[in-house]
Amino acid sequence: MKGKLVNNIRNQSKLFVIAGPCSAESREQMDQIARSLSRSSTVNLFRAGIWKPRTHPDSFEGLGEKALPWLVEAGKEHGLPTCTEVANKSHVQAALKAGVDALWIGARTTVNPFAVQEIADALKGTNTSILIKNPINPDLELWLGAFERFNNAGLHDLTAVHRGFSMYNHAKYRNVPSWEIPIAFSEKRPDVPMICDPSHITGNRDLLLEVSQYAMDLNFDGLMIETHPNPELAWSDAKQQLDANGLFDLIEKLVLRQPNFSQDVATMIDEIRDKVSILDDQLFAILSDRMQLSEEVGILKRENNITVLQQEHWNKLISKRLTQSDDYHLTNQFVRTLMDAIHQESIRHQTRVMNPKTINIHDS
Ligand code: PEP
Ligand code: MN
């Protein structure tokens, strides 16, 4: 690969795109998709899963080592650097020996510090480019910790991939994006490029465009999108893959925005931001007053030995606010989250005044 991955991503004037099938299925499939992808200069890095961590043991778990040369040869033949997922030391050794250019750590591996450490140790002394997907659970520290393990092993060409988080309920998306987590990640590690993987977030090719655009609006550095010569027939993740033309169409439809703006625009934005800031000040002053009132209620509950939680009263409060969400042009989800947060904080204040000797507000 020309230059290191982080530099390639950062110095790219257009969007950085990683594409290729969920899994390598045959030499022909790999050659076919690499050929189609190389017809335009859209794709920067060619991906394929060789070892697939699957939820159920009867799902296709990848063809293993014998598929590695198909990835490397298809990449070489069609001028695309390659990457694959590694989950342990023997995967690392086999992938490096075969000549794969970059490695990615899957979500089910990032979650396991033992596995991450084993991979970091196996890569010590190389300057391999590594992409680290978020852990399947929404744990920012665990994701950051994986980066620290590679940094400590002397590996610094590291890129983050946001692929969403596994939840019991996933109504619309296969993995909920929880965008606040990659945003908080970038706050702590501005040196690390952030790629979005809308394929594994959505699990559905029809939703790829909306999630990709969202990532562009949040100034993500690139996209990883699964592509297959014949998506419907893919052996894994068939519902979320696109063919090469589908990928090119999607990239063309994206509106790319720039993080910087002119002085004129800056002045106009700053004027509005000043007003927002005044409103935020008022919001916090109101919240503070509100908690004072909660404490007054807490004193009465203590004196009369009443439980903090009054379920019926809370049910009434929350349902009233939820029915009003449209009037305020707020989403139901936001109203729910905000009211839950206010309620939890109010309970903390009340329990503190009710149990002055035993409860410290910062512990709860
Ligand atoms: C993949 O990229 O094919 C994959 C298995 O991803 P994740 O680790 O995000 O589930
Ligand atoms: Mn996949």
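The values are calculated or read from the model by the stated rules, or taken from the named source; none is laboratory data. On a predicted model such as this, the values are computed, not experimentally measured, just so you know. Quick reminder, even Gly has a Cβ in these numbers, built from the backbone with ideal geometry, and neighbours come from all protein chains shown. Only protein heavy atoms, including side chains, enter the accessible area calculation; ligands, DNA and RNA are left aside. Shrake-Rupley method; radii C 1.70, N 1.55, O 1.52, S 1.80 Å.
Odds and ends about this structure:
- Simple rule: put +1 on each Lys or Arg Cβ and -1 on each Asp or Glu Cβ in the stretch 73-189, find the dipole, and look at His156, Ser178, Thr82; the Cα lying farthest toward the positive end is Ser178.
- Dipole moment magnitude, nearest 20 debye, the stretch 5-253 about Cα centre, only Lys, Arg, Asp, Glu C-beta charged: 220 debye
- Angstrom value of the Kirkwood radius, inverse mean 1/r, which spans all Cα pairs in the stretch 126-265: 16.1 Å
- The lysines within cross-link reach of Lys89, meaning a Cα-to-Cα straight distance under 29 Å and a gap of 8 or more places when in the same chain, are Lys2, Lys4, Lys52, Lys66, Lys76, Lys97, Lys124, Lys133, Lys188.
- Solvent-accessible area, 1.4 Å probe, carbon plus sulfur percent, for the chain: 52 percent
- With a simple spin-label model that places each label point 7 Å from the Cα along the Cα-to-Cβ direction, the separation between Ile183 and Ser90 comes to 4.4 nm.
- Nearest 10 degrees, 0 to 90: helix 68-77 Cα axis against the chain principal axis: 70 degrees
- Axis angle, to the nearest 10 degrees, between helix 89-98 and the longest C-alpha principal axis of the chain: 40 degrees.
- When Rg and the Kirkwood radius Rh are both evaluated on Cα atoms of the stretch 39-107, their ratio Rg/Rh stands at 0.99.
- For a straight C-alpha distance cut-off of 21 angstrom, the lysines reachable from Lys253 (same-chain residues fewer than eight places away being disregarded) are Lys14, Lys239.
- Dipole orientation for the stretch 1-154: of the candidates Thr109, Asn44, Ala94, Asn44 has the Cα lying most toward the positive pole (charges on Cβ; Lys, Arg +1; Asp, Glu -1).
- Three principal axis lengths of the stretch 263-362 [C-alpha, angstrom, descending]: 60, 31, 18
- Pairs of Cα atoms in the stretch 5-253 fall into 5 Å distance bins, from 0 up to the last occupied one, in shares of 1, 7, 15, 20, 22, 19, 12, 5, 0 percent.
- For the chain, the relative contact order comes to 13 percent (Cα pairs under 8 Å, sequence separation of at least 6).
- Helix 113-123 axis, angle to the chain major axis (alpha carbon atoms, nearest 10°): 30 degrees
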